[in-house]
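**Q** Mind having a look at this structure? Questions to follow.
The values are calculated or read from the model by the stated rules, or taken from the named source; none is laboratory data. Keep in mind that this is a model prediction, so the values were computed, not measured. No Cβ is skipped: glycine too gets one built from the backbone with ideal geometry, and neighbour counts run over all protein chains shown.
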Amino acid sequence: MKNIAVIGAGTMGNGIAHTFAQFNYSVNLIDVSQNSLDKGLATITKNLDRMVAKEKISEADKKQTLDNIKTFTKLEDGVKEVDLVVEAATENVDLKLNIFRDLDKICPENTILASNTSSISITQIAAVTARPEKVIGMHFMNPVPIMKLVEIIKGYSTSEETFKTVESLSEKLNKVPVEVNDYPGFVANRILMPMINEAVETLYNGVAGVKEIDTVMKLGMAHPMGPLALADFIGLDVCLSILNVMYDGFKNPKYAPCPLLVNMVMAGKLGAKSGEGFYDYSENRKAETVSKMFSK
């Protein structure tokens, strides 16, 4: 297994492509937008430069990694002759189902189809293909080149052979694969997102401010990053999407997203990527600017 396709050149997609390429896999990075591909490659180059500066890799390693990546704007051109596809598109059910329908038609019969989804059912995704035994979840953590964990999610029909292949592949990337069953949110987000949502509720109810909530969790619970800063880092739209998937899947009100989170996403305050979320990133500073905007 040497030829990998990654669909989506955003934060997760370019990180996954970087990781495979760094371990000398041939990577086809696919996105409908050439601009997104250019940005993705620029991010990979920047991250590699940082690794060179820290003497973790050499200039030759950097060049080899970049040489291992090819870019495509057409799905059919990028996936025709690959051993594994890792889909890392937007966390949208309909979009992912359409992608997997197309992949099933285009890819060779032996190609394993993986999704980096953080919450959507692998069984549901596999059901739109004629190869459900070869569909699996590979949920990498952000930033992908650094974080060790890969949640490997088995759908209802995922074969043991597919699981073992992906498990072994993850280990070859110097990751720690963890087997997880197919339930909304899996393990990581089933635990993380209710915590983030409760932090937003705590802010919404006026218990404490943004900085204070994050400080309590960092100093009191030894978290490296406060939950509101982490939500900004993940993307508030992504957090909202995951919570909605879990709420729809479990029909349990404890997963219902806080109204403040809903309002912020509607207002376009998505976190670091939009320049503003619970913190203000527009002037390279963190200031509580949004909480007053949508007070209860």
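**Q** Test residue 78 against the criterion of being at pLDDT below 95, assigned by TED's automatic domain parsing to the domain that holds residue 172, buried (at least 16 other Cβ atoms within 10 Å of the Cβ) and touching a Lys or Arg at 6+ places or on another chain (Cβ under 9 Å), and give yes or no. Spell out how you get there, then give the answer.
**A** Values: at pLDDT below 95: no; assigned by TED's automatic domain parsing to the domain that holds residue 172: yes; buried (at least 16 other Cβ atoms within 10 Å of the Cβ): yes; touching a Lys or Arg at 6+ places or on another chain (Cβ under 9 Å): yes.
Here the answer is no, as residue 78 does not meet what is asked.
**Q** Looking at (1) closer than 16 Å to residue 115 by Cβ; (2) without any contact (Cβ under 8 Å) to a residue 40 or more places away in the chain, can you tell me which one residue 36 breaks?
**A** (1)
**Q** Could you tell me whether segment 114-121 includes any residue that is buried (at least 23 other Cβ atoms within 10 Å of the Cβ), out of contact with any Cys (no Cβ under 7 Å at 6 or more places or on another chain), at pLDDT 95 or above and assigned to a strand (DSSP E or B)?
**A** yes
**Q** Please go through (1) surrounded by fewer than 20 Cβ atoms within 10 Å (Cβ to Cβ); (2) touching a helix residue (DSSP H, G or I) at 6+ places or on another chain (Cβ under 9 Å) for residue 22 and return the number of the only condition it doesn't satisfy.
**A** (1)
**Q** Of the conditions (1) within 18 Å of residue 149 (Cβ to Cβ); (2) not in a helix (DSSP H, G or I), residue 206 fails just one. Which one is it?
**A** For residue 206, the failing item is (1).
**Q** Go through the residues of segment 136-159 one by one and say whether even a single one is outside any loop (DSSP other than H, G, I, E, B) and among the acidic types (Asp, Glu). Walk me through how you get there before you give the answer.
**A** Applying the first criterion (outside any loop (DSSP other than H, G, I, E, B)) to segment 136-159 yields 136-140, 149-154.
Keeping just the survivors that are among the acidic types (Asp, Glu) gives 151.
Yes, segment 136-159 contains a residue that is outside any loop (DSSP other than H, G, I, E, B) and among the acidic types (Asp, Glu).
**Q** Next question. Those residues that are touching a Lys or Arg at 6+ places or on another chain (Cβ under 7 Å) and assigned to a helix (DSSP H, G or I), I need them from segment 17-42; list them, please.
**A** Within segment 17-42, no residue meets the criteria.
**Q** Could you tell me whether any residue of segment 42-63 is more than 19 Å from residue 142 (Cα to Cα), surrounded by fewer than 20 Cβ atoms within 10 Å (Cβ to Cβ), at pLDDT 95 or above and among the β-branched types (Val, Ile, Thr)?
**A** yes
**Q** Anything in segment 65-103 that is out of contact with any strand residue (DSSP E or B) (no Cβ under 7 Å at 6 or more places or on another chain), assigned to a helix (DSSP H, G or I) and more than 16 Å from residue 121 (Cβ to Cβ)? List them, or say none. First the steps, then the outcome.
**A** Just the residues of segment 65-103 that are out of contact with any strand residue (DSSP E or B) (no Cβ under 7 Å at 6 or more places or on another chain), to begin with: 65-67, 73-74, 76-77, 80, 90-95, 97-98, 101-102.
Add one more test, that the residue is assigned to a helix (DSSP H, G or I), and what stays is 65-67, 76-77, 93-95, 97-98, 101-102.
If the condition is that a residue be out of contact with any strand residue (DSSP E or B) (no Cβ under 7 Å at 6 or more places or on another chain), assigned to a helix (DSSP H, G or I) and more than 16 Å from residue 121 (Cβ to Cβ), then 65, 66, 67, 76, 77, 102 are the ones that fit.
**Q** Can you tell me which residue in segment 44-64 is farthest from residue 29 (Cα to Cα), limited to those that are hydrophobic (A, V, I, L, M, F, W, C), part of a helix (DSSP H, G or I) and in contact with a helix residue (DSSP H, G or I) (Cβ under 9 Å, 6 or more places away or on another chain)?
**A** Applying the first criterion (hydrophobic (A, V, I, L, M, F, W, C)) to segment 44-64 yields 44, 48, 51-53, 57, 60.
Remaining after also requiring part of a helix (DSSP H, G or I): 44, 48, 51-53, 60.
The next check asks that each one be in contact with a helix residue (DSSP H, G or I) (Cβ under 9 Å, 6 or more places away or on another chain); those that pass are 44, 48, 51-52.
Values: 44: 12, 48: 17, 51: 21, 52: 23 Å.
Step by step, filter segment 44-64, then rank; the result is 52.
**Q** Would you be able to tell me the number of residues in segment 168-203 that are not in a helix (DSSP H, G or I) and not polar (S, T, N, Q)?
**A** Looking only at that region, the number is 13.
**Q** Here is a follow-up. Report, by residue number, each residue of segment 201-248 that is under 16 Å from the mean Cα position of the chain (by Cα) and among the β-branched types (Val, Ile, Thr).
**A** Listed by number, the residues that qualify are 234, 238, 242, 245.
**Q** Same structure, new question: Only one of these is modelled with pLDDT of 95 or more, of a type in the set (A, V, I, L, M) and surrounded by 22 or more Cβ atoms within 10 Å (Cβ to Cβ): 128, 150. Name it. Let's see the steps before the verdict.
**A** Working: 128 fails: surrounded by 22 or more Cβ atoms within 10 Å (Cβ to Cβ).
That would be 150, the only listed residue that is modelled with pLDDT of 95 or more, of a type in the set (A, V, I, L, M) and surrounded by 22 or more Cβ atoms within 10 Å (Cβ to Cβ).
**Q** Would you point out the residue of segment 104-113, among those that are surrounded by fewer than 23 Cβ atoms within 10 Å (Cβ to Cβ) and in contact (Cβ under 8 Å) with a residue 24 or more places away in the chain, that is farthest from residue 38 (Cα to Cα)? If you could, list the steps in order and put the result at the bottom.
**A** Taking segment 104-113 as the starting set, the residues that turn out to be surrounded by fewer than 23 Cβ atoms within 10 Å (Cβ to Cβ) are 104-106, 108-111.
Narrowing further to those that are in contact (Cβ under 8 Å) with a residue 24 or more places away in the chain: 104, 106, 108, 110-111.
Working: 104: 27, 106: 25, 108: 28, 110: 30, 111: 27 Å.
Selected residue: 110.
**Q** Then there's this: Which condition from (1) surrounded by fewer than 20 Cβ atoms within 10 Å (Cβ to Cβ); (2) within 21 Å of residue 174 (Cβ to Cβ) is the one that residue 36 breaks?
**A** (2)
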